[in-house]
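Undergrad: Can you read through this structure? Questions will come right after.
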Protein chains: 2
Amino acid sequence: MVLTVQNVIDRLIEPVGTIQNTVDTLKFGNPNMEVRGIAVTFMATQQVIEQAIKLGVNLLITHEGLFYSHIDNPDILEGSKVVGEKKRLIEESGIAVYRFHDYVHRYQPDGIMAGLIEALEWKSYVEKNEPTSTIVNIPPVTVREIAQYVKTKLGLEFVRTAGELSQNCTRIGLLAGYRGGGTLSIPLFEKENLDLIISGEGPEWETPEFVRDAGYQGKHKALIVLGHAESEEPGMQYLAEWMKTVFPDIPVHFIPEKALFQVV
Amino acid sequence: MVLTVQNVIDRLIEPVGTIQNTVDTLKFGNPNMEVRGIAVTFMATQQVIEQAIKLGVNLLITHEGLFYSHIDNPDILEGSKVVGEKKRLIEESGIAVYRFHDYVHRYQPDGIMAGLIEALEWKSYVEKNEPTSTIVNIPPVTVREIAQYVKTKLGLEFVRTAGELSQNCTRIGLLAGYRGGGTLSIPLFEKENLDLIISGEGPEWETPEFVRDAGYQGKHKALIVLGHAESEEPGMQYLAEWMKTVFPDIPVHFIPEKALFQVV
């Protein structure tokens with residue numbers, strides 16, 4: 001039986017139903033094209049697209065957008081040579097590109113979070129999964145020890161931390177991606193009586209400054225900022241593993257990227 | 001002659017005129033109170049407020065908001081013990097707190113940028129000042145050398161970089177604060193043919209991913225992310241120095257903060 005791009009999309013969104021006003025659309029390619037192979041990635045960079053083409057797949061599933069904005073931003077798209085060259089590569093190769101962001105976050109539990117917890121091997125410590133966060137209870141260790149553990153498990157060169165590294169932690173809030181901002185993280189710290197939040201990314205004047213003030217008031221709180229890609233790439237790898245079982249007759253590859261930042 | 005809180009505010013906003021819908025309001029205190037002394041800071045943290053009170057000043061000028069959001073966010077303000085304790089400290093001390101953000105960015109040139117350029121000693125290299133960025137032309141050096149120079153001049157433990165550290169740079173775009181996002185930085189890279197952008201903060205899937213793709217396409221671009229506070233604190237220090245000359249009969253102090261993040 002022929003498997004089309006649209007068949008794959010339908011299967012991916014099936015656990016959720018239909019979301020209105022979503023960024024999860026087919027960015028390039030024909031929905032009726034037969035799928036020869038699938039590549040899954042956190043971010044379809046120039047390098048990832050070239051690698052997908054070399055692997056001979058014709059459908060690329062990307063969590064983040066192709067052109068450096070969450071919603072395709074005309075200020076960025078218009079007149080950019082970098083965008084132009086990337087578009088040309090995609091169009092000349094004929095590869096289909098589907099963005100899979102909003103749906104996977106609405107899996108129950110959140111598919112991206114499920115992959116992060118799997119990578120951290122913290123499944124047995126999960127107290128509860130909320131739509132935008134997961135609370136885990138671990139045996140007491142210091143922030144420094146957790147930072148080292150997370151770096152090892154996720155293969156990271158560095159993390160950024162706020163608060164005291166020597167502080168003991170048991171109650172941890174996990175927030176993947178851009179959920180590290182104050183609106184989600186600050187009430188969670190207080191409502192759940194968390195010692196530590198581990199998040200992907202968020203504005204610097206929000207959660208980290210709250211953590212600083214809380215510490216100065218003697219309320220011990222800490223923050224580990226993984227980086228956006230670092231917090232979500234394991235979720236896309238987890239998705240790829242699941243897709244291998246859903247589409248056993250088609251090659252499914254996960255394509256990782258190198259670290260976005262160096263620390264100097 | 002008595003100098004009131006309102007007199008100080010009027011003098012600060014005078015170079016700009018009146019901005020509608022601004023976050024720059026008197027957050028605490030009476031505009032008719034006589035000013036005994038002024039403290040200026042990037043972010044009025046718990047520690048900064050305590051220090052200002054100890055210095056005996058009764059007006060604190062802060063660039064960023066008191067409660068971990070750009071526009072006072074009810075999700076954060078309501079029911080937070082950290083917010084409650086900070087408010088109590090301010091109210092019991094009677095210190096007035098004025099936020100000075102939008103106006104100083106509309107000074108010509110931007111007062112925050114002027115302070116950053118002063119701290120970097122790059123005034124003679126400035127090609128042009130735009131409302132949201134400044135272009136400098138420096139003698140050719142590598143990204144690694146610029147990163148080291150910037151760390152030394154601004155007293156930073158680390159910066160994050162994207163792109164090749166060995167790449168030579170002469171044309172640099174500077175964007176202070178949260179102007180590191182793609183909407184401002186990406187068109188600037190291309191329009192101004194920049195080798196490097198040095199910015200405060202911005203979403204990770206925007207400018208850094210553009211820099212990564214540009215590099216992979218052979219268009220050499222690089223990014224140095226200073227941190228939000230790191231990019232704007234020199235501007236508030238510069239403001240404090242200027243205010244000493246404007247209010248010579250009143251003590252004016254600049255209060256710095258420690259680095260928000262550690263790298264582990």
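The values are calculated or read from the model by the stated rules, or taken from the named source; none is laboratory data. Source: prediction; values computed, not measured. Backbone-built Cβ (ideal geometry, glycine too); neighbour counts: all protein chains shown. SASA here: full protein model, heavy atoms, side chains in, ligands and nucleic acids out. Shrake-Rupley method; radii C 1.70, N 1.55, O 1.52, S 1.80 Å.
Undergrad: Starting from the Kirkwood Rh over alpha-carbon pairs, what translational D in µm² s⁻¹ does region B:122-174 have by Stokes-Einstein at 10 °C and 1.306 mPa s?
TA: After rounding, the answer is 133 µm²/s.
Undergrad: Can you tell which of B:T45, B:T22, B:T161 shows the greatest fluctuation in a Gaussian network model of chain B with Cα springs below 10 Å?
TA: Result: B:T22 has the largest fluctuation of those listed.
Undergrad: Here is a follow-up. Treating the point 7 Å from Cα along Cα-beta-carbon as the label, what are the nm separations from A:K219 to the other copies, to one decimal?
TA: 4.7
Undergrad: Please list, in chain and number order, the residues 5+ apart from A:A222 or on another chain whose amide H is under 5 Å from its amide H, with Hs placed from the backbone.
TA: A:L196, A:I197
Undergrad: Taking 2.2 N^0.38 Å as the expected size of a compact globular protein, what ratio does the Cα radius of gyration of region B:164-264 give against it, to two decimals?
TA: Compactness ratio reported: 1.33.
Undergrad: Looking down the axis that turns B into A, which residue of B has the closest beta carbon, and how many Å out?
TA: It is B:V263, 3, counting Cβ atoms only.
Undergrad: Counting only other chains, and only Cβ atoms inside 10 Å, what mean value do you get across the residues of B:180-190?
TA: 4
Undergrad: Return the sequence-ordered ³J(HN,Hα) values of region B:169-186 in whole Hz as given by the Karplus equation 6.51 cos²θ - 1.76 cosθ + 1.60 applied to θ = phi - 60°, using x for Gly and Pro.
TA: Coupling constants for region B:169-186: 9, 10, 9, 10, x, 10, 9, 7, x, 8, 9, x, x, x, 4, 8, 6, 5 Hz.
Undergrad: Using alpha carbon centroids, what distance separates region A:222-264 and region B:225-256, in Å?
TA: Comparing the Cα centres of region A:222-264 and region B:225-256, I get a distance of 43 Å.
Undergrad: Return the subset of A:K81/A:K244; A:K81/B:K128; B:K123/B:K258; A:K151/A:K244; A:K244/B:K221 for which the Cα-Cα distance in this structure is over 29 Å, preserving the input order.
TA: Violating the 29 Å Cα-Cα cut-off are A:K81/A:K244; A:K244/B:K221.
Undergrad: Sticking with this structure for a sec: From the phi of every residue in region B:209-225, what ³J(HN,Hα) in whole Hz does the Karplus formula 6.51 cos²θ - 1.76 cosθ + 1.60 yield, where θ is phi - 60° and glycine or proline is x?
TA: 6, 4, 4, 4, 5, 4, x, 5, 7, x, 9, 6, 9, 9, 9, 10, 9
Undergrad: On average, how many beta carbons from a partner chain sit within 10 Å of the beta carbon of a residue in B:121-127?
TA: Partner-chain Cβ atoms within 10 Å, mean over residues of B:121-127: 0.
Undergrad: A follow-up question, please. Which value, in nm² and rounded to one decimal, describes the direction-averaged projected area of the C-alpha convex hull of chain A?
TA: 15.2 nm²
Undergrad: More than 19 angstrom separation, counting every C-alpha pair in region A:58-121; what % is that?
TA: Tail of the P(r) past 19 Å holds 48 percent of the pairs.
Undergrad: Also: Please list, ordered by chain and number, the residues whose modelled amide H lies under 5 Å from the amide H of B:V252; skip anything fewer than 5 residues away on the same chain.
TA: Here B:I38 satisfy the definition.
Undergrad: I've got another one for you. Anyone know which of B:P74, B:P140, B:P234 comes out most mobile in the 10 Å Cα GNM of chain B?
TA: Between B:P74, B:P140, B:P234, it is B:P74 that shows the largest mean-square fluctuation.
Undergrad: Using Cα centres only, tell me the gap between region A:75-121 and region B:155-183 in whole Å.
TA: 25 Å
Undergrad: When all alpha-carbon pairs of region A:170-220 are counted, what percent fall beyond 16 Å?
TA: That fraction is 31 percent.
Undergrad: So, one more: What are the residues whose amide H is under 5 Å from the amide H of B:F100, where those residues sit 5 or more places off or on another chain and H is modelled from the backbone?
TA: B:T62, B:H63
Undergrad: Out of A:Q20, A:Q47, A:Q167, any idea which swings most in a Gaussian network model of chain A, alpha carbons joined below 10 Å?
TA: A:Q20
Undergrad: Next up: Enter the accessible area per residue of chain B (Å², integer; probe 1.4 Å; all protein chains in place).
TA: Accessible area per residue, chain B: 41 Å².
Undergrad: Let me ask another. Using θ = phi - 60° and the Karplus form 6.51 cos²θ - 1.76 cosθ + 1.60, what ³J(HN,Hα) does each residue of region B:124-131 get, whole Hz, x for Gly and Pro?
TA: Whole-Hz 3J(HN,Hα) from phi for region B:124-131: 6, 8, 5, 8, 7, 9, 9, x.
Undergrad: Separate question: Using the crude model of +1 on Lys and Arg Cβ and -1 on Asp and Glu Cβ, and no other charge, please compute the dipole size for region A:193-264 relative to its Cα centre, in debye to 20.
TA: So the magnitude is around 180 debye.
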